[in-house]
1. Quick check: anything in the stretch 182-200 under 17 Å from the mean Cα position of the chain (by Cα), at pLDDT 90 or above and not assigned by the TED database to the domain that holds S25?
2. Looking at A175, A167, can you tell me which residue is at pLDDT below 90, part of a helix (DSSP H, G or I) and open to solvent by 70 Å² or more (accessible area, probe 1.4 Å)?
3. Sort out for me the strands (runs of 3 or more DSSP E) sitting completely within the stretch 1-119 that have 3 or more residues that are over 30 Å from R135 (Cα atoms) and at pLDDT below 95.
Amino acid sequence: MVTDNESERARPLDMKLEVIVVPVSDFDRAKEFYGSLGWRLDAEFADGDDYRVIQFTPPGSGASVIFGKNITDAEPGSAQGLYLIVSDIEAAREDFRHRGVDISEVFHAGNEHAGDDEPYLFGRLRVDGTDPDRRSYRSYASFRDPDGNGWLLQEVTARLPGRIDAAATTFASVADLASAFRRAEAAHGEYEKQLGHRDEDWPSWYADYMVREQTGAPEPS
């Protein structure tokens with residue numbers, strides 16, 4: 001018989017990934033760059049000439065990046081494959097472009113393994129444009145900071161099953177919630193075509209759709 005105490009111990013403790021170290025060579029240049037992205041400057045501490053740390057958080061993110069003096073001995077520019085998840089890859093790329101970032105065109109994964117392509121998840125060849133079926137997880141854009149640390153934007157609109165706690169569905173920002181509403185509106189339009197009349201209880205349908213989409217469950221019918 002499993003006791004309450006044993007059951008409690010079997011549950012893993014919450015462990016929130018909150019900080020990623022980005023190795024840079026010029027701290028002020030990096031501070032200017034990440035600030036230009038519209039990221040929030042959370043903290044900047046120094047202890048004489050021996051220590052300095054600067055922390056930024058992307059909009060809607062639960063994790064932050066830090067860089068500075070005596071933070072890491074990793075080679076500047078050696079951080080690669082840093083992922084920024086967005087709900088609209090084209091809008092996100094356009095925002096970065098307007099901020100002066102040298103960002104790639106949107107691309108998706110080809111069916112062959114990469115040759116000389118820059119590495120990214122799955123190591124596939126880059127094919128121009130968004131994923132033809134606009135599937136979640138399949139469309140990307142890439143950029144680098146001034147030291148060459150490599151970042152990828154990845155479009156995620158629906159999580160794989162099991163990736164989201166169904167009891168804790170949340171939206172990280174106003175922009176994410178607005179994008180979810182737009183996708184729900186489009187899907188609901190198709191649903192009303194099947195009904196053949198206006199759905200008077202559309203708010204409930206929207207809410208059900210948005211929760212199901214985030215948790216990876218089939219859309220309501």
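1. Applying the first criterion (under 17 Å from the mean Cα position of the chain (by Cα)) to the stretch 182-200 yields none.
Within the stretch 182-200, not a single residue is under 17 Å from the mean Cα position of the chain (by Cα), at pLDDT 90 or above and not assigned by the TED database to the domain that holds S25.
2. On the way: A175 fails: open to solvent by 70 Å² or more (accessible area, probe 1.4 Å).
None of the other options fit; the residue is A167.
3. On the way: elements: 19-21, 40-47, 51-57, 64-69, 82-86, 107-113.
Where strands (runs of 3 or more DSSP E) fall fully within the stretch 1-119 and carry at least 3 residues being over 30 Å from R135 (Cα atoms) and at pLDDT below 95, they are 40-47.
The values are calculated or read from the model by the stated rules, or taken from the named source; none is laboratory data. No experiment lies behind these values; they were computed from the predicted model shown. Please note that ligands, DNA and RNA were not included when accessible areas were found on the heavy atoms of the full protein model with its side chains. Shrake-Rupley method; radii C 1.70, N 1.55, O 1.52, S 1.80 Å.
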